[in-house]
1. If you check Asp427, Asp492, which single one turns out to be acidic (Asp, Glu) and open to solvent by less than 10 Å² (accessible area, probe 1.4 Å)?
2. Based on this model, can you work out whether Asp306 counts as in a helix (DSSP H, G or I), under 20 Å from Lys351 (Cα atoms) and of a type in the set (D, E, K, R)?
3. Looking at Phe495, Phe504, which is the one that is farther than 20 Å from Pro378 by Cα and either assigned to a loop (DSSP other than H, G, I, E, B) or at pLDDT below 95 (or both)?
4. Kindly list, by first and then second residue, each pair from a residue in segment 432-457 that is at positive phi to a residue that is open to solvent by 10 Å² or more (accessible area, probe 1.4 Å), limited to pairs with Cβ atoms under 7 Å and residues at least 6 apart or on different chains.
5. For the condition closer than 30 Å to Gly225 by Cβ and more than 11 Å from the chain's Cα centre (by Cα), what is the one hit in Pro378, Pro321?
6. Given Ala362, Ala368, Ala405, which one is buried (at least 22 other Cβ atoms within 10 Å of the Cβ), closer than 30 Å to Leu90 by Cβ and of a type in the set (A, V, I, L, M)?
7. Check whether at least one residue in segment 310-324 is of a type in the set (Val, Ile, Thr), within 19 Å of Glu232 (Cβ to Cβ) and either free of Cβ contacts under 8 Å to residues at least 24 places away in the same chain or out of contact with any strand residue (DSSP E or B) (no Cβ under 7 Å at 6 or more places or on another chain) (or both), and report yes or no.
8. How many of the residues making up segment 512-538 are under 22 Å from Gly558 (Cβ atoms) and open to solvent by less than 60 Å² (accessible area, probe 1.4 Å)?
Amino acid sequence: MSSNSFVLLVTVLALASVASAFPLNVPRSPIEFVQPKDVPAGWERVDTAAPDHLLNLTISLTNRNLDRLEALFWERTNPSSPTWRQWLSLEELTELIAPADSVIATARAWLLSAGIVDVHLTASRDFLVVRTTVAKATQLLNAEFSQWRHTATGRLHVCTLGPYSAPAPLAAHIDYIAGVWGFPTQKRVSIVTERNQLAENPNPNIKPADLLQAYNCSYTATNSGNSFSVAEFQSQFYAPTDLSDFFARYVPGAPASAATKVTSIGLNLPNSPGVEASLDIEYAMGVAPGVQMTFWSNPSFNFWSDLTSWMQQIADTPNAPWVHSVSYGDQRESQQPSSSYKDSLSAEFQKAGVRGLSIIFASGDSGAGCHLCTSLEPSFPATSPYVTSVGATRFTNGVGSEEAAVESFKSGGGFSYHFDTAPYQKDAVQTYLNTAKGLPPSTAFNAGGRATPDVSALGIGYTVVVKGKDLSIGGTSASTPTFSALITLLNDKLFNANKPALGFLNQWIYQTDAADPAAFTDITIGDNKQSCCPGFPTARGWDPVTGVGTPNFGVLAGHIGL
């Protein structure tokens, strides 16, 4: 018998075996939601999806011992704890929380029962990455997949409206499956014209040196073990030639090799650079030159599915970069994923934090998130309690002058409807709610929700090189890589002293702000009013427009445990 015939025989016997384990009449339970999802505006059904159309699915298995992870997380990320920054390795974390071997084996058998054999179990043992056809996914999930067309762009997309399900005993161990449902969204970057910027910012042509000056940073990274990442989605790519040009023009003190210290994970099409990705990588590397950068790309337009893929990839990477800057999110509640998805993804952020990784998200560019003139909706994933959320400011009278909330767009911020106020921010948030003047009606927001942003940085007038030309860009997409770069530089100081990384930042941020008012510059001018909604005003102390304020690197360096 040939080796190919032997493999075929083994596969046939295996399929016969697992088929008996999952008979057609086995009771099933829905995963994530029980009613079909609505079709977003602008999409129309074309037809039933082709049976041989390929799908990339990521199955998120429920972790064990999440109560122990929760206790460990708050202990290790608390500057007041004797175990602050004693991070877990990926192996130690996996040992603590990975699903039982029996759950993984059952999930594999279920996949095999539908003839699915292209399956990868991540190093963290809680994600199964699957590539299969629509025909097999239909059988597996008892769901109908359709092809959809975006009426404005003609873009085609395959997904189900759900619900989808699994055999009941196994469904209890699955949080969600990414790649099954959800429609692509288009990231919007604030490309602000010079005329508009001059009205609010007399120095619109911001460079990395201006940011370092404004935030009291003269430190240069030197540690070879330091690392940094920008996460990109929705077909955002960068051109190495643009990055080299940017360094030559605007980071003159850095060696030429600094612009080449980039590792790409996933697809990058250098001939199709995007404004978002160019902004992210140029300012992440321009503010912290010399640090090894990872350009982490998941390029489809299905953001929620790709966000899962990104976190799955981090969970599969023992030596993941220490700091991750993410300029993406969604402020519309109706376009956000299920509660199960939010909880499961948030747990992934928590796991990253206890490994010593800093996950930093933009708070959004739509102010308070006005919806139908009645409710205020903040951006997710920025509202996860296990990430740091960054808002945006402007200079009032030139580089280094007093800062105010940005005006050309509005800094995203508010209160989550899903996550409760995080323990590290309760005092600061309550002070704001008790003392701020001109708050929106109490019916317009959830005063008991996780409040964003946590911090802010300049978000207007950034000079970015795209396709060889200078553009002037604004957004929390600008403030986020800048703040992330400053954290990367603080990590560098720690590594040079043989100290561990800062990791999850928020307990440190709020405790440091309370202990030393000079650590963050309080922003008290402006608001994030949007459309017909009143929005939130800035105020003394924390506010849902600019957080605790903008960083003072020189002062913060004295609060990192050196």
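The values are calculated or read from the model by the stated rules, or taken from the named source; none is laboratory data. Because the structure is a prediction, the values reported are computed rather than measured. Here the Cβ is made from the backbone with ideal geometry for all residues, glycine too, and neighbour counts use every protein chain on show. Areas reflect the complete protein model, heavy atoms only, side chains present, ligands, DNA and RNA absent. Shrake-Rupley method; radii C 1.70, N 1.55, O 1.52, S 1.80 Å.
1. The unique qualifying residue is Asp492.
2. yes
3. Checking each option against the conditions leaves just Phe504.
4. From residues that are at positive phi, the pairs are Gly438/Pro537.
5. Being closer than 30 Å to Gly225 by Cβ and more than 11 Å from the chain's Cα centre (by Cα) holds for just one of Pro378, Pro321, which is Pro321.
6. Selected residue: Ala362, the only one of Ala362, Ala368, Ala405 that is buried (at least 22 other Cβ atoms within 10 Å of the Cβ), closer than 30 Å to Leu90 by Cβ and of a type in the set (A, V, I, L, M).
7. yes
8. 8
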